[in-house]
Each structure stands twice: as structure tokens, then as C-alpha cells.
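See below for the structure under consideration.
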Amino acid sequence: MGKKKNYNYFDKFVELVDYSCKCSEILHKTLVNFDINTIGEKVEELHCIEHAGDLAKHELIEQLSTEFIAPIEREDIINLSQQIDDITDSIEDILIKIHMFNISSIKPEVLEFSNVITKSCNSLKVVLEEFPHYKKSSTLKEKIIEVNDLEEVGDRLFHSTVRNLYVNSKDPVELLVWTEIYDLLEKCCDACEETADTVESIVMKNS
């Protein structure tokens, strides 16, 4: 791939997180309108988006390899792009496991979780949109805090749902399956927070 003139890494970060946002919205809608007969199609739909995100990340890395001067440290660009990609991967993993485990109905708590994930991705997108304007932005800091707050909501939800699961069920298969799914849901919130924290760290280094 030849070197592109005026390549904008900040725009590419936003493009990458947009794949995460699309996946989170599809996940939430799929779970709200859950149909075991179409779950396989939804898994494939998410996989196509995840693959497009992978290609975009690889394009960014290849461009970086030809760049003489980057707007921020190369290691930060690589790390941030990978963290955003991890968010998309973690969202896809949820639906894959639901399909693999042949789950026939969705617990209400899962819908709460998927809603938090969607909010986290959307807030993170604003963080990345504001990222290049960090010296003047009036919303960047509050949006980073918002992502962190949503991660805390996810933590509390994880603790309460897992406890309720073990209080109300003695079925070992049900316990195994739903514990893993709740864990995957929480990891999505964690991944969003880690990405927002990385942005904050980069801003501090460059201020």
C-alpha cells in the first residue's frame, strides 16, 4: 500500500469505534427481539462488521509503517487501535457464545447489560471525536468520566446478576453458561473504559 497524503489517524480511530457502535446496536436489538431461528444470521452480520474493522485497523498499521512523522507516539497509535478492535471483538464474542450454547431465551438482566454496552460505545465515540481537539475540547474529560461511570454500572450489574444466578439456580449447566455470558458482557464495558483511559493517558503525555 502506498503512502497516503494527509492520512488522519484521529479520523481512523473514529471509524474503528464506529464498527464497535454498530456491533453494540445490532447486539442490543438482536437480544431485545430475540429469535433463536435467526441468531445464526445475526452472528454472521456481526462477523462482517468485525472483519471490516480488522481491515481498517490493518490499513492504519500499514500506513503507520510508512510514516516519517506521526501525530502522536507510534506505540500509542498501535495500542489504541488494538484496544478499539478488542471492543468490537468482545461484542461479537457475546453473540457467538449465545449461539454456541443454543440459548433459547434472554434474561432481562442481559438486556440491561447490552444497553450499557451500547451507551459505553457511543460515549467512547464522542471521546475519540474530541480527541484531536484535546487542548480546547470542553467535553472530552466529561465523556471519559462518562465511560468510566458506565463501566461501574456494568460492574454492579455483573455482581448482582451473578449472585442472583447462583442464589436462584442449582443447575450446573445453567450456572456455567450464564456465568460465562455475564463475564463477556462485563468485559465489553471494561474494554471501553480501558480505551477511554488510554486516550486520557495520551492526552496527558502530549499536554
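Values in this text are rule-based calculations from the coordinates and carry no lab data. A quick note: this is a predicted structure, and the numbers were derived from the prediction, not measured. So basically every Cβ, Gly included, is an ideal-geometry build from the backbone, and we count neighbours across all protein chains shown.
Points to keep in mind about this one:
- Spatially proximal lysines relative to Lys22 (Cα-Cα < 17 Å; intrachain offsets below 8 disregarded): Lys12, Lys42, Lys57, Lys119, Lys125
- Neighbour counts of C-beta atoms inside 10 Å place Ile96, Ile144 in the sequence Ile96, Ile144, starting with the fewest.
- Bridgeable aspartates and glutamates around Lys205 (alpha carbons under 13 Å apart, same-chain partners fewer than 8 residues away excluded): Glu73, Glu75, Asp76, Asp197.
- Residue exposure sequence - Leu124, Leu157, Leu95 - by fewest surrounding Cβ within 10 Å: Leu157, Leu95, Leu124
- When Rg and Dmax are taken over the Cα atoms of the stretch 75-207, they come to 16.7, 55 Å.
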